[in-house]
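Structure first, then comments.
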């Protein structure tokens, strides 16, 4: 009897092991499905193009230049901190003179992959966003573009830097070129991760739990909106397809979203689908920064967008996959030594 019991127990253990193995995602099939929904990040190159390289370097300098803001304390990097994967860790960004922005500051990393900028898509491109930020009441706070550019013109070294970046322009220090230069720099701020290695064919790049999370992310329907190289950022969607989002996030005054831009009721509570690159390190979440825990945010998305109550295990697996979207901070994401002020200033 003892020997018989041993073989029964052994058979049960082998059955459990075989079943567990069958339930884990098949890496090859998963990779094929992933390639249908996502694409790896491809970095641009300025090799052999000195003008493009000069424009990127000027944009880097301008990105960290705080003397253009009305209080002299704010630059683009003010709301995009390297230790927070180019977000700021606040529910809503704080700009010039301590003014609060109306929405959360998303990471600038991989923003070049977005089809529009800002949560409501009211900026057509990185260049458009950079130029208009100069006049934002809670961004740089300038009354007009001429005021902003006069501050750059008062710093002698910028004359040569703009000329190299925009050869042929009679008056290269202008707000359009500011936007072009800052945008050129921001387009280099890409953060490929081990997920890109997986997409490139390395089936071992993701752990079993990360693969399980990716499988659920695809099968549950998350990838219907969060897809492409940025895992989002390429479409608009109503926040609250199934349930009102504010009932889940606890917000008292819901943001009307894109409807305030288009004046169309069909766009009520519609926002740009967020990119999920680096999401594990860019809390708090959503357009209003109302949720500071990623697991909670994932469960809220399940309820509001899919009508699904995610189990703790499903949420944990998806969060594990989202962690695989974190890439290293780009090597060029640091301030250069600032140009000196004009003598006697």
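The values are calculated or read from the model by the stated rules, or taken from the named source; none is laboratory data. Worth saying up front: this structure is predicted, and the values here are computed from it rather than measured. Note: ideal-geometry Cβ built from the backbone for every residue, glycine included; neighbour counts use all protein chains shown.
Computed values, structure above
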| item | result |
| --- | --- |
| Residue match in the range 122-131 (condition: crowded, with 22+ Cβ neighbours inside 10 Å, in contact with a strand residue (DSSP E or B) (Cβ under 8 Å, 6 or more places away or on another chain) and either in the same structural domain as residue 218 (by TED's automatic domain parsing) or assigned to a loop (DSSP other than H, G, I, E, B) (or both)) | no |
| Candidates 198, 185, filtered to the one that is at pLDDT 95 or above, in a helix (DSSP H, G or I), crowded, with 19+ Cβ neighbours inside 10 Å and touching a helix residue (DSSP H, G or I) at 6+ places or on another chain (Cβ under 6 Å) | 185 |
| Scan of the range 93-114 for residues that are more than 11 Å from residue 275 (Cβ to Cβ) and outside any loop (DSSP other than H, G, I, E, B), ordered by number | 94, 96, 97, 98, 100 |
| Condition met for residue 153 (surrounded by fewer than 20 Cβ atoms within 10 Å (Cβ to Cβ), without any contact (Cβ under 8 Å) to a residue 24 or more places away in the chain and closer than 18 Å to residue 131 by Cα) | yes |
| Criterion (modelled with pLDDT of 95 or more, surrounded by fewer than 21 Cβ atoms within 10 Å (Cβ to Cβ) and touching a helix residue (DSSP H, G or I) at 6+ places or on another chain (Cβ under 9 Å)) met by exactly one of 292, 312 | 312 |
| Residue, surrounded by the fewest Cβ atoms within 10 Å (Cβ to Cβ), within the range 235-269, restricted to residues that are closer than 15 Å to residue 116 by Cβ and without any contact (Cβ under 8 Å) to a residue 60 or more places away in the chain | 262 |
| Residues that are in a loop (DSSP other than H, G, I, E, B) and more than 11 Å from residue 69 (Cα to Cα), drawn from the range 135-173 | 144, 154, 155, 156, 166, 167, 168, 169, 170, 171, 172, 173 |
